[in-house]
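This report concerns only the one structure given below.
No lab work stands behind these numbers, since they all come straight from the coordinates. Since this is a predicted model, take the numbers as computed values, not measurements. Cβ atoms come from the backbone with ideal geometry, glycine included; neighbour counts cover every protein chain shown.
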Amino acid sequence: MDMRISALLVLCLLAASFIAGCATSPADRQTPTPTPVVTPTPPLVESPVLVVDPRLSGMKIDLSAVERSDGSGVVLKLSADPQGAAIARDGVDVLATFFAYNAAEKPGFVPSSADDVRKAGIPYKTVFFSVYDASVRVQADLPGDSEQKNLRVGEPYVYGAVVAVKD
């Protein structure tokens, strides 16, 4: 009798599994939907990007840009006001590496050094100047002053400067 009950139980389980598989229509079955892969968008970089050597922290350093009237580039103007900076009393030699690039070509790019700018393949110009007791103003015309001429002013661009003490 135990064999009959075991065989009947196995048959019932097989029948239940066949019925369960056939009981749902194809429309009732849920097909897994692929999860879209989200690629993070780089943050927008706003101009001006100004990277200043910590040894120049006592100086007021400003950067501005003016587009050329003929649309061929942008003139970057940097002013350094040493008033109150201890380093300016003895004079300090400074290198300012101006740069500009189209945002679409280098999304999220923010250089941390002049080497980053040079390696990026973007228009740049390095200007040397000395600061003593008076304000100093220097400028660069990009891409005109650069070997890299790939700046389109009609498209969104980012400009900036890396300002460091010349060692």
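Of note:
- When all alpha carbon pairs of segment 49-165 are counted in 10 Å bins from zero, the resulting P(r) reads 14, 47, 28, 10, 0 %.
- Electrostatic dipole magnitude of segment 49-165 [Cβ: Lys, Arg +1; Asp, Glu -1; Cα centre; debye, to 20]: 80
- Summed residue charge, Cβ within 9 Å of Lys77's Cβ, Lys/Arg positive, Asp/Glu negative: 0
- Whole-Å distance, taken between Cα centres, linking segment 95-126 and segment 52-86: 15
- For peptides 120-127, 109-116, 90-97, sequence by mean Cβ density within 10 Å, most packed first: 120-127, 90-97, 109-116
- Net charge contributed by nearby residues that have their C-beta within less than 11 Å of Val163 (K/R +1, D/E -1): 0
- Summing charges over all other residues whose Cβ lies under 14 Å from the Cβ of Asp62, with Lys and Arg as +1 and Asp and Glu as -1, gives +2.
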